[in-house]
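Values quoted throughout were computed directly from the atomic coordinates according to the rules given, and no laboratory measurement underlies them. These numbers come from a predicted model, not from an experiment. Cβ placement follows ideal geometry from the backbone for every residue including glycine, while neighbour counts extend to all protein chains displayed.
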Amino acid sequence: MPKTSLDKSKIKFLLLEGIHQCAVDALHAADYSSVELLPRALEGQELLDKIADVHFIGVRSRTQLTGEVLQHAHKLVGIGCFCIGTNQVDLNTAREKGIAVFNAPYSNTRSVAELVLAEAILLLRGIPARNAAAHRGGWLKSAENSHEARGKTLGIVGYGAIGSQLSVLAESLGMHVIFHDVVAKLPLGNAHQVDSLKTLLAQSDIVSLHVPQLPSTQWMMGAQQIAQMKPGSILINASRGTVVEIEPLAEAIKAGRVIGAAIDVFPVEPKSTKDEFVSPLRGLDNVILTPHIGGSTLEAQANIGLEVAHKLITYSDTGTSTSSVNLPEVALPAHPGKNRLLHIHRNIPGVMSEINRILSDGEVNISAQFLQTRDNVGYVVVDLDARSSDMALEKLAKVPGTIRTRVLF
Ligand SMILES: NC(=O)C1=CN([C@@H]2O[C@H](COP(=O)(O)OP(=O)(O)OC[C@H]3O[C@@H](n4cnc5c(N)ncnc54)[C@H](O)[C@@H]3O)[C@@H](O)[C@H]2O)C=CC1
Ligand SMILES: O=C(O)CCC(=O)C(=O)O
């Protein structure tokens, strides 16, 4: 019998990078007992060995699931990114291997927005430099470079979930908000979209970056853009380390053209707490340096743990792929009394007609069928009588273009 569905106790989950315990609890409550939780990221041979043996893996931003790593993931059914960004996963390779990738697109939005707003207020008052001086015995009691947030212009680059949440919080302080986005966005409150990054940089007292890591956002704040910032302004980056060129930023801060910065993400980040953090920004008193903790609040981590664990559980239990970031999205009803066949295939001519030819065999009694495609991949789900499911599965698995099959009982 070509059963490709395992007993739940044999389905292995590996959760890395200190994912919140509530994810483990949720998996256990759903009868997935084989869950390994590690506090650190994995890389190299250790990652290859571990990933070869698991059905689901959970990562945050540090473990890199490249195309090469995924070639070793022979059993992998799903990946949970317990964060917003999914740039650490080769999404195309995952899709071509029929591996579903999920994330938590909103669970740490508020945490990032609150941190950025707090940093904006502290930097406008010159607090980081005064704090550093006081720790060394200094006493910088002056109003120089110290401003209220009220009435200042905040320029937000990337008006998505975080950028727009920040916009609302900043307006409640009486700030003016302008934003730049590649997509026309509905402005919240009195915010307004400007025509270019250059316009935003020329007008903003504070520039805050909230774009994803993409080829088009790589080094989008380089020497030229930093030079276009208003003299005496502030830069905040809690997006990705590939967005800002650090050397010209350090130069602009030393020259006093940029009067402060808060940087949470870096081109190269230490892999573990034991590795040294190296950056030209170290030692600059008016720069807040944080170790990629924009989304690291207990509230966010617990919410993320639950949200992503439930997405993995639902996908494993029912085949529902809603909110997957790389596979076709199919929302499936319960299938009581029926077996469910899941068939992920290359979206090429002839595959569906062959599947339908097999399913139209008089011996196959179908109760429901679902199809969705995304880019080069199709996802077909068929609910049918238990007595015909093994035969149908065997035939479906042989259809040219098949990537992966599963059966759920
Ligand atoms: N520091 C941290 O711990 C965290 C960092 N992040 C980072 O923040 C990023 C943004 O998060 P969300 O707001 O949830 O994403 P989102 O997808 O909701 O918004 C991103 C926005 O950027 C815009 N955009 C894309 N390319 C652009 C470009 N070249 N110029 C201007 N706008 C552009 C998009 O149109 C979109 O409106 C994430 O992709 C992630 O990398 C997210 C959470 C925590
Ligand atoms: O929590 C993390 O490790 C990464 C947070 C982040 O950058 C994200 O959610 O995209």
Quiz item: Treating the beta-carbon of each Lys and Arg as +1 and of each Asp and Glu as -1, no other charges, what is the dipole magnitude of the chain about its Cα centre, to the nearest 20 debye?
Solution: 160
Quiz item: If each residue's Cβ is checked for other Cβ atoms within 10 Å, how do 72, 192 rank with the fewest at the top?
Solution: 192, 72
Exercise. Would you mind calculating the relative contact order of the chain from Cα pairs under 8 angstrom and at least 6 residues apart, reporting the percent as a whole number?
Key: 16
Exercise. Using amide H atoms built 1.01 Å from N in the peptide plane, name the residues 5+ places from residue 288, or on other chains, whose amide H lies under 5 Å from its own.
Key: 261, 262, 263
Quiz prompt | Neighbour-count order for 107, 34, fewest beta carbons within 10 angstrom listed first | solution = 34, 107
Quiz item: ³J(HN,Hα) across the stretch 193-201 via Karplus (A = 6.51, B = -1.76, C = 1.60, θ = phi - 60°), whole Hz, x for Gly/Pro?
Solution: 7, 9, 6, 7, 4, 4, 4, 4, 5
Quiz item: Magnitude of the Cβ-charge dipole of the stretch 351-409, K/R +1 and D/E -1, about the Cα centre, nearest 20 debye?
Solution: 200
Quiz item: What's the extension gain from residue 228 to residue 322 if we count 0.36 nm per residue and subtract their Cα-Cα distance?
Solution: 29.6 nm
Self-check item: Highest to lowest packing among 316-327, 333-344, 152-163, scored as the average C-beta count within 10 Å
Solution: 152-163, 316-327, 333-344
Quiz prompt | Fraction of antiparallel bridges per DSSP, the chain only, in percent to nearest 5 | solution = 35
Self-check item: Cross-link table 10/398; 12/398; 12/75; 12/50, entries beyond 19 Å C-alpha to C-alpha
Solution: 10/398; 12/398
Quiz prompt | Helix-only mean residue ellipticity at 222 nm for the chain, each DSSP H run of n ≥ 4 adding -39500 (n - 2.57), per residue, nearest 500 | solution = -9000 deg cm²/dmol
Quiz item: With a 10 Å Cβ neighbour count serving as the proxy for reagent exposure, in which order, fewest first, do 139, 219 appear?
Solution: 139, 219
Quiz item: Once all Cα-Cα distances of the stretch 110-289 are split into 5 Å bins that start at 0, what whole-number percent is in each one?
Solution: 1, 9, 18, 22, 22, 15, 8, 4, 1, 0
Quiz prompt | Förster radius 30 Å - calculated FRET efficiency between residue 21 and residue 133, Cβ distance, rounded to 0.05 | solution = 0.15
Practice problem: For every other residue with a beta carbon closer than 13 angstrom to the beta carbon of residue 43, add +1 if it is Lys or Arg and -1 if Asp or Glu, then tell me the sum. | Solution: -2
Quiz item: Within a Cβ distance under 12 Å of residue 230, other residues only, what is the Lys/Arg minus Asp/Glu net charge?
Solution: +2
Exercise. In whole angstrom, note down how far apart the Cα centers of the stretch 70-96 and the stretch 293-369 are.
Key: 15
Practice problem: Convert each backbone phi in the stretch 276-283 into a coupling constant with the Karplus relation 6.51 cos²θ - 1.76 cosθ + 1.60 (shift: θ = phi - 60°), then list the ³J(HN,Hα) values in order as whole Hz, x for Gly and Pro. | Solution: 6, 8, 10, 6, x, 7, 4, x
Quiz prompt | Choice from 44, 85, 98 showing the highest fluctuation, given a GNM over the chain with Cα pairs closer than 10 Å | solution = 44
Quiz prompt | Among 53, 361, 31: highest mean-square fluctuation, GNM of the chain, C-alpha pairs under 10 Å | solution = 361
Practice problem: Report the label-to-label distance for residue 385 and residue 196 in nanometres (one decimal), using points 7 Å from each Cα along the Cα→Cβ vector. | Solution: 6.9
Quiz item: In whole angstrom, how far apart do the alpha carbon centroids of the stretch 103-132 and the stretch 216-257 sit?
Solution: 17
Quiz item: Excluding same-chain residues fewer than 8 positions from residue 185, which lysines have a Cα within less than 24 Å of its Cα?
Solution: 152, 198
